[in-house]
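In what follows, a single structure is set out as structure tokens and then discussed.
The values are calculated or read from the model by the stated rules, or taken from the named source; none is laboratory data. Quick caveat: nothing in here was measured; it's all calculated off a predicted structure. Neighbour counts run over all protein chains shown; Cβ positions are idealised from the backbone, glycine included. Heavy atoms of the whole protein, side chains included, go into the accessibility calculation; ligands, DNA and RNA do not. Shrake-Rupley method; radii C 1.70, N 1.55, O 1.52, S 1.80 Å.
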Amino acid sequence: PATCTDGLLRHLVAAGARIAYRGEFDWPGIAIDNRIIDRIGCGTWLFDNQTYAVAVKDGAADAVPLMGKPSIAHWDHRLSETMQDQGVAIHEELLIDRLLAHLAHVAPESR
């Protein structure tokens, strides 16, 4: 994230906001989330081993090969291991229905 985004997120967290990040299930996505967690102290949202495993099962035909230098997910080491074993990247567009369904079921007071 850009410096201004980083600063804004830090201020939001300091003010009590709960920030949850999610990115692409590829090595750059893991590396970006590691940086955000380390800098901001936020959590993740549907960015874990279980979500990845289901996404691979449901959309493997549309997945692309996992390329680049592996990164270990600081928040879920099993995620990196599973990604390496499966060898596929799962991008956001393959998960949009699941993400929207999850948002539709989130309690209004927790948004």
Exercise. Can you tell me which residue within the range 64-88, out of those that are of a type in the set (A, V, I, L, M, F, W, C) and open to solvent by 20 Å² or more (accessible area, probe 1.4 Å), is nearest to residue 31 (Cα to Cα)?
Key: 72
Exercise. Would you be able to say whether some residue in the range 74-86 is closer than 30 Å to residue 8 by Cβ, of a type in the set (Gly, Ala, Ser) and modelled with pLDDT of 95 or more?
Key: yes
Practice problem: Please work out which residue is farthest from residue 64 (Cα to Cα), limiting yourself to the range 89-107 and to residues that are without any contact (Cβ under 8 Å) to a residue 40 or more places away in the chain and open to solvent by less than 80 Å² (accessible area, probe 1.4 Å). | Solution: 107
Quiz item: If you scan the range 1-37, which residues turn out to be hydroxyl-bearing (Ser, Thr, Tyr) and either under 16 Å from the mean Cα position of the chain (by Cα) or not in a helix (DSSP H, G or I) (or both)?
Solution: 21
Quiz item: Can you tell me which residue in the range 42-63 is surrounded by the most Cβ atoms within 10 Å (Cβ to Cβ), limited to those that are β-branched (Val, Ile, Thr) and more than 13 Å from the chain's Cα centre (by Cα)?
Solution: 56
